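*Asks:* Before we start, here is the structure in question, set down as structure tokens.
Derivation of every value follows stated rules applied to the coordinates shown; laboratory data play no part. This one's a predicted model, so the numbers in the text were calculated from it and none came from an experiment. Heads up, the Cβs are rebuilt from the backbone with ideal geometry, glycines too, and the neighbour counts pull from every protein chain shown.
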Amino acid sequence: MSSAKPTVAILGAGSIGCYVGGCLASAGAKVTLVGRERVLSGIRSNGLMVSDYRGRSSHIDSESITLATDANACSGADIILVCVKSAATEEAAMQLHDHVKASVTVISFQNGIDNADRLRKTLPGVNVLSGMVPFNVIDRGNGAFHQGSAGELEVETGMLPDGIEALFANCQLPLLRPADMAGIRWGKLLLNLNNPINALSGIPLREELAQRNFRRCLALAQREALDLMDACDIRPAKVTPLPPTWLPTLLDTPDWLFTRAAKRMLAIDPLARSSMWEDLELGRPTEIDWINGEVLKLAQRCGRSAPVNATLVELIHDAERGGRRNWTADELLRVLETAR
Ligand SMILES: NC(=O)c1ccc[n+]([C@@H]2O[C@H](COP(=O)([O-])OP(=O)(O)OC[C@H]3O[C@@H](n4cnc5c(N)ncnc54)[C@H](OP(=O)(O)O)[C@@H]3O)[C@@H](O)[C@H]2O)c1
């Protein structure tokens with residue numbers, strides 16, 4: 001590769017894709033965003049605005065980025081960041097298969113466990129790396145994307161094109177390269193078990209986590225997942241200041257103690273919600289089968305059951321089919337405790 005800056009394409013220009021793409025473009029990278037016209041039109045009219053809780057505030061002219069709805073716009077890229085939801089991974093991979101050069105590197109910046117493997121299956125011979133986005137991004141509309149919580153991007157070890165790590169570091173999104181990416185994915189999944197609880201609550205994350213009975217719902221889901229991970233010899237990595245096995249105990253504590261002990265967990269934009277809430281709001285399929293559904297797969301693998309996570313999966317599928325309502329913490333806890 002030449003000393004020119006690597007070219008970056010984002011497949012899936014939504015909250016994460018536009019935020020990361022905007023940050024990279026603000027550092028001078030040549031960025032292509034591939035997404036839906038409903039998202040791109042806001043950027044065409046207003047430019048792309050990226051901001052964060054620390055005071056980042058960058059505006060990128062729409063002429064400085066390439067905007068496209070067809071994945072063939074990824075064809076010249078040195079690196080492609082896949083930022084579609086898990087349900088769209090296969091379709092995205094098929095589209096890339098037809099257009100990318102063999103030397104490209106693909107990073108999956110998606111939640112869930114197996115998105116990178118699913119990409120590898122359709123893109124044999126391509127350097128596909130698993131990534132993790134620990135922070136929340138809010139789509140404020142009209143081309144504005146806001147990082148609402150802390151955390152650093154992680155990408156599994158493996159070759160990255162020249163200049164890529166410097167590019168991410170230059171725009172204050174340094175890449176961590178953990179050796180145990182599988183453990184990181186399982187550790188993140190434990191936190192993401194809150195996504196359906198937040199979506200069912202109908203309230204922002206900070207308000208939801210401030211209520212002990214919603215936290216108890218999450219603790220039930222996490223304890224069940226931790227037991228099954230242990231039974232399947234899976235060691236979730238530490239992705240918060242506390243070891244994963246301590247999380248349910250922290251969540252169970254009374255509000256006065258939790259608000260003191262979990263300052264970092266509550267350090268989140270007051271408007272932030274899980275992207276599962278956003279999917280239900282927009283009538284889109286959610287990632288539930290790739291989040292809590294992974295716990296059901298573990299249960300199947302070791303001949304056990306996972307009633308708490310199965311109930312959350314069922315409630316979200318009901319909501320996807322139109323049976324949506326906002327649950328109180330007491331109601332949801334009662335249903336999950338009865339299922340157990
Ligand atoms: N949002 C967050 O705060 C956050 C935080 C951490 C991790 N994550 C994870 O990051 C991943 C992306 O989440 P997100 O919230 O950024 O999703 P998102 O806002 O839904 O963005 C994805 C966008 O890609 C579009 N898309 C899907 N397939 C496409 C294709 N083949 N070509 C072009 N566009 C396509 C989607 O359109 P359609 O809706 O029409 O399919 C959607 O507009 C998920 O795995 C999520 O769990 C999200």
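*Asks:* In region 276-304, how many residues are without any contact (Cβ under 8 Å) to a residue 24 or more places away in the chain and in contact with a helix residue (DSSP H, G or I) (Cβ under 7 Å, 6 or more places away or on another chain)?
*Replies:* 2
*Asks:* For region 255-301, give me each residue that is in contact with a Lys or Arg (Cβ under 9 Å, 6 or more places away or on another chain), farther than 19 Å from residue 201 by Cβ and away from the ligand (no atom under 16 Å from the Cβ).
*Replies:* 298
*Asks:* Report, by residue number, each residue of region 210-228 that is assigned to a helix (DSSP H, G or I) and surrounded by fewer than 23 Cβ atoms within 10 Å (Cβ to Cβ).
*Replies:* Filtering region 210-228 for residues assigned to a helix (DSSP H, G or I) gives 212-228.
212, 213, 216, 219, 223, 226, 227 - these are the residues of region 210-228 that are assigned to a helix (DSSP H, G or I) and surrounded by fewer than 23 Cβ atoms within 10 Å (Cβ to Cβ).
*Asks:* Restricting region 44-88 to residues that are β-branched (Val, Ile, Thr) and within 22 Å of the chain's Cα centre (by Cα), which is nearest to residue 285 (Cα to Cα)? Explain how you work it out, then say what you get.
*Replies:* Going residue by residue through region 44-88, those that are β-branched (Val, Ile, Thr) are 50, 60, 65-66, 69, 79-80, 82, 84.
Remaining after also requiring within 22 Å of the chain's Cα centre (by Cα): 50, 69, 79-80, 82, 84.
Details: 50: 26, 69: 20, 79: 28, 80: 24, 82: 18, 84: 12 Å.
So the residue we want is 84.
The rows are residues; the columns are (1) surrounded by fewer than 22 Cβ atoms within 10 Å (Cβ to Cβ); (2) of a type in the set (A, V, I, L, M).
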position: 285; (1), (2): yes, no
position: 302; (1), (2): yes, no
position: 308; (1), (2): no, yes
position: 312; (1), (2): no, yes
position: 327; (1), (2): yes, no
position: 334; (1), (2): yes, no
position: 339; (1), (2): yes, yes
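*Asks:* Could I ask something else about it? Suppose we filter region 267-326 for residues that are over 25 Å from residue 52 (Cα atoms), hydroxyl-bearing (Ser, Thr, Tyr) and part of a loop (DSSP other than H, G, I, E, B); how many remain?
*Replies:* Result for region 267-326: 2.
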